[in-house]
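Each value in this text was obtained by applying a stated rule to the coordinates, not by laboratory testing. As the structure is a prediction and not an experimental result, all values here were calculated from the model. Quick reminder, even Gly has a Cβ in these numbers, built from the backbone with ideal geometry, and neighbours come from all protein chains shown.
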Amino acid sequence: MDRREIAALLAYIGRLDPRSIRTDAGEARDQIAQWHELLSDVPLTTVHGWDAREAIRDHVLDSPYPLLPVDIARKWRAHRRDRLGRHTDPTPSADPDDPAAWRAELFATRHAVATGAAAPSSHRQITNGGPHPDIAARLAAIGSCVPPAARAELAPYRPMRATREAAVAAGRPDALSVPCQWCHAGKGEPCRTRRVGPDGRSRGNVPRTVPHPTRVDLAAAELAQHTAA
């Protein structure tokens, strides 16, 4: 706060607690100088969550003692510590190979949170705000979130996914993109081989490596319909 804000703050305090009023001009100047010395780095208000007048009202309501400038300074420091304690550093957009720019962006973000210019970024908000600005460009360059080399390494461990991707790449229908009308498997789920016992009840529900022909035909019909459209 500057000296004008300090003077306005003291006038506000005087309305709530007349004991702080100084009628002598010299005493008033000394009071403003003392308060400015202790509160020069404390903002009067911030965009997110801090108002010195609320701290003054709380003190007048909770304490029988006259308000001192250190009471406001301590409340501001506690408020700042709480904000930084709830903040999780988001990944900077700067190049990680440029440590100076990386640290500068982290410092600027923390400073904005500490001074109330920005809201804390918590773990629960890590997916808010949409993707990083350069995500779209990266996806356009590599075509997928999973690079081709990593996809090839993972293929033996997820054969069903690899089969579906190979079918789409070859222009064939992806049978698992539609539900199966024979075994009632949902989209993305493998078909099931069900054995029926003499009593009419199902005795088995084993996943099939090959989808039912009716499911393949349905996927082919939908693919042809989309292609024609």
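Brief remarks follow.
- Proximal charge balance of Gly186 [Cβ under 13 Å; K/R count +1, D/E count -1]: +2
- Dipole axis of the chain (+1 Lys, Arg; -1 Asp, Glu on Cβ), positive-most option in Leu10, Leu218, Trp102: Leu218
- Charge dipole (Cα centre; +1 on Lys/Arg Cβ, -1 on Asp/Glu Cβ; no other charges) of the chain amounts to roughly 1380 debye.
- Residue-by-residue Karplus 3J(HN,Hα) for the range 108-117, coefficients 6.51, -1.76, 1.60, Hz, glycine and proline x: 5, 5, 5, 5, 5, 5, 5, 8, x, 6
- Net charge of the neighbourhood of Thr115, taken over other residues with C-beta under 10 Å away and scored Lys/Arg +1, Asp/Glu -1, is +2.
- Charged side chains reduced to their Cβ positions (Lys and Arg at +1, Asp and Glu at -1) give the range 3-85 a dipole of some 180 debye around its Cα centre.
- Considering only Ala55, Pro92, Ser40, and ranking their Cα positions along the charge dipole of the chain that arises from unit charges at the beta-carbon of Lys, Arg, Asp and Glu, the one farthest toward the positive end is Pro92.
- Net charge of Cβ neighbours under 11 Å - reference Leu223; Lys, Arg +1; Asp, Glu -1: -2
- Trypsin sites (Lys or Arg not before Pro) restricted to the range 1-34 and DSSP loop, no more than 15 other C-beta within 10 Å: Arg22
- Charged side chains reduced to their Cβ positions (Lys and Arg at +1, Asp and Glu at -1) give the range 173-229 a dipole of some 360 debye around its Cα centre.
- Pairs of Cα atoms farther than 18 Å apart, the range 3-85, %: 40
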